[in-house]
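Undergrad: I am attaching a structure below and will ask some questions about it afterwards.
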Amino acid sequence: MKQFITLIALAVVTLIGCKAAYQNEPVQDENKAAQKVEPASTAPTEKPGTAATLKTNEPSPQTDLSATATEESDKAIAEPTTCAGSGTAAKGGCGGCAGSDKQLVAAAPEKAAEAKQHFGGDFTLTEPAIKVDSVMATPADFAGKNIKVTARIAKVCKKKGCWMTLQPEDAGDEYVRVTMKDYGFFVPVDCDGKTATVEGLLKSVERPEALRKHLAEDGGDDPSKIKGAAVELSMVATAIDIEQ
């Protein structure tokens with residue numbers, strides 16, 4: 001009997017143990033599932049603004065500011081800048097002339113070197129200069145008159161520039177000698193070969209041999225070739241322009 005009771009007790013204990021094991025098994029599965037989900041649920045929660053901060057701190061592609069500035073400058077230069085109303089809109093406006101038809105003009109470059117050099121006083125004759133050829137052809141028509149002529153400078157005083165000779169286009173030995181009024185101004189000693197415009201009094205002058213030799217020497221000629229006195233056409237200049 002005792003053995004029977006013992007067997008019944010073991011059977012009950014075994015039954016109770018199986019039931020408990022069966023009841024505990026889903027709990028373990030639930031715990032395992034909870035453990036699997038736990039990493040996602042335990043991840044740190046982003047605070048507002050954190051994501052933006054992280055993105056801001058990420059390295060961004062560098063922008064070549066100098067290249068951008070150069071491109072903008074090139075565009076500004078390439079695009080026309082005329083006032084509004086001229087048919088082409090000015091980039092960014094044109095300042096104080098909006099609505100006018102005036103075109104913006106770039107600053108003028110520095111003045112180019114003068115095309116002529118002036119010596120002496122002002123020209124008083126307003127009519128165009130005549131060629132020295134015409135004067136030499138009929139000198140009597142111009143003698144004693146204030147005239148304005150133009151011609152090539154054949155020779156010039158190499159010491160001071162106090163005289164020069166003008167020759168016609170067909171050259172030859174004929175010339176008009178130009179002296180400066182009252183010895184008051186001079187021309188460059190290297191102006192021979194250039195074109196001059198001269199205003200002054202025309203007259204005929206007889207020059208003695210000694211003076212002619214002196215003038216020849218000052219002009220770089222051989223004075224020994226000068227023989228005797230000679231009559232020259234002469235202009236006493238008050239104003240001279242020499243082309244450069």
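Undergrad: Any residue that is surrounded by 16 or more Cβ atoms within 10 Å (Cβ to Cβ), β-branched (Val, Ile, Thr), at pLDDT 95 or above and in the same structural domain as Pro188 (by TED's automatic domain parsing) - is there at least one of those in region 140-148? Spell out how you get there, then give the answer.
TA: Restricting attention to region 140-148, the residues satisfying the condition of being surrounded by 16 or more Cβ atoms within 10 Å (Cβ to Cβ) are 142, 147-148.
Subsequent filtering for residues that are β-branched (Val, Ile, Thr) retains 147.
If we keep only those that are at pLDDT 95 or above as well, we get 147.
The next check asks that each one be in the same structural domain as Pro188 (by TED's automatic domain parsing); those that pass are 147.
Yes, region 140-148 contains at least one residue that is surrounded by 16 or more Cβ atoms within 10 Å (Cβ to Cβ), β-branched (Val, Ile, Thr), at pLDDT 95 or above and in the same structural domain as Pro188 (by TED's automatic domain parsing).
Undergrad: Let me ask something else about it. Can you find, within region 185-244, the residue that is surrounded by the most Cβ atoms within 10 Å (Cβ to Cβ) among those that are assigned to a loop (DSSP other than H, G, I, E, B) and aliphatic (A, V, I, L, M)?
TA: It comes out as Val187.
Undergrad: Having 3 or more residues that are within 39 Å of the chain's Cα centre (by Cα) is the bar; report the strands (runs of 3 or more DSSP E) wholly within region 111-175 that clear it.
TA: Values: elements: 116-120, 146-156, 163-167.
Counting at least 3 such residues, we get 116-120, 146-156.
Undergrad: Taking Lys75, is it surrounded by fewer than 13 Cβ atoms within 10 Å (Cβ to Cβ), modelled with pLDDT of 95 or more and not aliphatic (A, V, I, L, M)?
TA: No.
Undergrad: Do the conditions hold for Val132, that is, is it in contact (Cβ under 8 Å) with a residue 40 or more places away in the chain and in contact with a Pro (Cβ under 6 Å, 6 or more places away or on another chain)?
TA: yes
Undergrad: Does Met180 qualify as being touching a Cys at 6+ places or on another chain (Cβ under 7 Å) and either free of Cβ contacts under 8 Å to residues at least 40 places away in the same chain or buried (at least 17 other Cβ atoms within 10 Å of the Cβ) (or both)?
TA: Yes, satisfied.
Undergrad: Could you go through region 114-126 and let me know if any residue there is free of Cβ contacts under 8 Å to residues at least 60 places away in the same chain and charged (D, E, K, R).
TA: Step one: list which residues in region 114-126 are free of Cβ contacts under 8 Å to residues at least 60 places away in the same chain, which gives 126.
Next cut, charged (D, E, K, R) only: none.
Checked against the condition, which is being free of Cβ contacts under 8 Å to residues at least 60 places away in the same chain and charged (D, E, K, R), region 114-126 yields no hits at all.
Undergrad: Just to verify a result, which residue in region 129-139, among those that are among the small types (Gly, Ala, Ser) and at pLDDT below 95, is surrounded by the most Cβ atoms within 10 Å (Cβ to Cβ)?
TA: By that ranking, first place goes to Ser134.
Undergrad: Let me ask something else. Test of understanding: among Lys225, Lys194, Lys181, Lys203, which residue is modelled with pLDDT of 95 or more, more than 42 Å from the chain's Cα centre (by Cα) and more than 17 Å from Met136 (Cα to Cα)?
TA: Lys181
Undergrad: Restricting to region 149-170, name every residue that is surrounded by fewer than 19 Cβ atoms within 10 Å (Cβ to Cβ) and in contact with a Pro (Cβ under 9 Å, 6 or more places away or on another chain).
TA: Within region 149-170, Thr150, Arg152, Gly161 meet the criteria.
The values are calculated or read from the model by the stated rules, or taken from the named source; none is laboratory data. The structure presented is a predicted model; accordingly, all values stated were derived computationally and were not measured. Virtual Cβ from ideal backbone geometry, glycine too; neighbours counted across all protein chains shown.
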